[in-house]
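Comments concern the structure below.
The values are calculated or read from the model by the stated rules, or taken from the named source; none is laboratory data. Quick caveat, the model's predicted, so the values are computed rather than measured. Methodologically, a virtual Cβ is constructed for each residue, glycine included, from the backbone with ideal geometry; neighbour enumeration extends over all protein chains shown.
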């Protein structure tokens, strides 16, 4: 019989190693569907590695893909640390992208050097506002933020589609539901010559470092952690729990909004209703893989991006469906959750 | 109990380890039919763990549990299966009652005992049988009220009925009197004795010597997980039992000299709290706590202490009346404002409200004053200063555990309480709200906490002590008020108090006298 017993103290070693082991385990487990699909497993892994990091182009693509994931991952990680379950990063990303387009297509007269920062700031502000609402409702009235943020995703996406077929539609776009492109001065600079990698990556890395400092070194971060770990004790100790919730919500939404603004200003140049293939939802996975640590988010985002970019390239070469990438990421998440479980419980064969 | 009575239960060499720690070490015990056995020991002695093995909550690492079946034949209980224990006739009433709040007493008793899917539930027959059971045992409890509206004693009787309803022949009660007023406890033991005469075997866990001596047939003493002695109650005395329990002479109880009441620290003026739940309501209450005195609030759990504590710690505002701190009327009812005014708060539930378990001991020490210059500068935590201060404070207050950087939840309950007390005292409070400050602590830790409170009083702090432990209130207080159904009644100085009358005031049976004395409370 298998018996499961709580450990007196969580196993720190297991908890630390869990993300890395989970990633490896997920990759190993992916061999099963790969061989079922009739592929040469070793060749498939080699192709995946090559596709993700085998050339400067591959690296650039992986980093480009990781850029929005870092920001949405941070959005989820920061909110989850306060036990504010923001599932709405997808919507906040779109609202950020919409604000970026509104500001970046020349509607605002500003000095040229200020245009790109303004575009990013507009995205952050829009995303932050979109999340401050649900956080306020939760803090004030106890409205479940999982429901509000999740449903807001659909509301916002439909709103964006409406804008793209209405006021914001590109008159030169031949009727396609897409916005005007942002002006060249509002675009984020490219980091590599003739590659898609853009300065949004720098924004993501700086944001990760700032979030790390915020959570571990500041009184605001202290309050966020206290509210997340034990709101009753935090309230009793005089922490304004409601204000912290709204603040964390605004911060989380702003990070997701930055992701959207970065995709518009750094990569696509204009907005369509399919600018994000689920970056917001993937951010939740990234944050969980990272154990809600801001620096871990960078590593987790790189892992998820590499799996997706590598699997795309592998599937083109071998004819295996690229859904394999979703499978690997999902398995990695399950492995991390199992790892967290093993850190808290001991499994015994009796 | 006659030694010839048949054996109802035999525990043989039970051992349970949690990691390195041995919670119960090779305990063997026999219980006769119709016997009342007291299980005596300090907190952490292994009493509850032992009973949880009997009830199948834990599987023992060694040893076995044998229960007599209806024919009196001893049969082994399979380890770790509460269902098997129930079927064998073992019923358990936990310290923290496990009733579904939204169901009536009747539904709670039937819960789990009736089939999940059945065409006819036979409730009428069940009702008749239950009423017969109540008449036979004398356990009276309202059956049609939702459990949420029941008093503590009533809940407990519902729990006992639930156990008997499942044909329990062995009834285990974990600290049954912890939440009862003295008379309620007496009445409970009378009922249990009556049922024991009819053949029920009873084990009750306690750490109160008088009730153990007064009501048990035999007393089993546990210390550090080992059974250190079994005594017939008729031949035992308090001194020898307490020496057995602690392995040494008990530490002297902290002796408080008289306080020197000074200026008012806390004044409630006809303060009233309305709440949907009766147990959290406060009738218009007036109370003054002066600096340099300890005012003890005695009352049965759920009499409105929570509302009083919330008012005094800044977590709730009165719906009418006013609260004054140090002579100034309070306008902002926030915890932070009260801390800033010099109020130290020891919350009732130290794990839920006292500490953030996942954060370190050092962080928990500074959580109330994050913006103080010694804690942060410009919004950034001064981590070195915090760690240094934590090391010093933990040492000064004798808080033991895995160290200032380890999560607070890894500390024992007693040390968590000392940590909270350290946080309160280091801030130099002028008023201390101590809500159940020693609940669940062993004698040594409780004495340390009490001594610190007395020292703080002697240093000029006013102390509002809320406790369900009447002995503690009488030992520490300069002045006692009782609380019943949200009302405060001035009782007087402990030396002049008669326990019987105090008990009646706590259950509301002495309202006339209480009202008369209540005029003094407002002064």
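A few points about this structure:
- Residue in the range A:205-221 that is within 9 Å of another protein chain (Cβ to nearest Cβ), farther than 18 Å from residue A:146 by Cα and in contact (Cβ under 8 Å) with a residue 24 or more places away in the chain present: yes
- Set side by side, the residues A:66, A:82, A:15, A:31 differ, and just one is surrounded by 15 or more Cβ atoms within 10 Å (Cβ to Cβ), away from chain B (no Cβ under 14 Å), over 30 Å from residue B:78 (Cβ atoms) and in contact with a helix residue (DSSP H, G or I) (Cβ under 9 Å, 6 or more places away or on another chain), which is A:66.
- Count of residues meeting criterion [surrounded by 14 or more Cβ atoms within 10 Å (Cβ to Cβ) and either within 13 Å of chain A (Cβ to nearest Cβ) or not in a helix (DSSP H, G or I) (or both)] in the range B:386-399: 3
- Candidate set from the range B:156-176 (those that are in a loop (DSSP other than H, G, I, E, B) and in contact with a strand residue (DSSP E or B) (Cβ under 7 Å, 6 or more places away or on another chain)); member that is farthest from residue B:107 (Cα to Cα): B:175
- Residue within the range B:423-443 that is under 16 Å from the mean Cα position of the chain (by Cα), touching a residue at least 40 places away in the same chain (Cβ under 8 Å), surrounded by fewer than 23 Cβ atoms within 10 Å (Cβ to Cβ) and in a helix (DSSP H, G or I) present: yes
- So residue A:285, is it away from chain B (no Cβ under 14 Å) and farther than 30 Å from residue A:115 by Cα: yes
- Qualifying residue in the range B:109-117 (condition: part of a helix (DSSP H, G or I) and over 25 Å from residue B:14 (Cα atoms)): yes
- Only one of the listed residues (B:32, B:8) is at pLDDT 85 or above, within 21 Å of residue B:228 (Cα to Cα) and more than 28 Å from the chain's Cα centre (by Cα). That residue is B:32.
- For the range B:212-242, a residue qualifies if it is outside any strand (DSSP E or B) and either outside the structural domain of residue B:163 (by TED's automatic domain parsing) or touching a residue at least 60 places away in the same chain (Cβ under 8 Å) (or both), and the qualifying residues are B:212, B:215, B:216, B:217, B:224, B:225, B:233, B:241.
- The criterion of being at positive phi, surrounded by fewer than 19 Cβ atoms within 10 Å (Cβ to Cβ) and at pLDDT 80 or above holds for residue B:167.
- The range A:240-277 - residue that is over 23 Å from residue A:294 (Cα atoms) and surrounded by 24 or more Cβ atoms within 10 Å (Cβ to Cβ) and, of those, nearest to the other protein chains (Cβ to nearest Cβ): A:265
- Tally of residues being farther than 21 Å from residue A:22 by Cα and part of a helix (DSSP H, G or I) across the range A:311-334: 7
- Residue within the range B:319-339 that is within 26 Å of the chain's Cα centre (by Cα), farther than 13 Å from residue B:426 by Cα and at pLDDT below 95 present: yes
- Count - residues of the range A:23-44 that are touching a residue at least 60 places away in the same chain (Cβ under 8 Å) and in a helix (DSSP H, G or I): 9
- Test for residue B:42: is it away from every other protein chain (no Cβ under 14 Å) and within 24 Å of the chain's Cα centre (by Cα): yes
- Considering only residues in the range B:407-419 that are assigned to a helix (DSSP H, G or I) and more than 10 Å from chain A (Cβ to nearest Cβ), the one that is surrounded by the fewest Cβ atoms within 10 Å (Cβ to Cβ) turns out to be B:413.
- The residue that is surrounded by the most Cβ atoms within 10 Å (Cβ to Cβ), counting only those in the range A:161-172 that are touching a strand residue (DSSP E or B) at 6+ places or on another chain (Cβ under 9 Å) and either closer than 21 Å to residue A:256 by Cα or free of Cβ contacts under 8 Å to residues at least 12 places away in the same chain (or both), is A:164.
- Residues that are within 14 Å of chain A (Cβ to nearest Cβ) and crowded, with 22+ Cβ neighbours inside 10 Å are absent from the range B:253-270 altogether.
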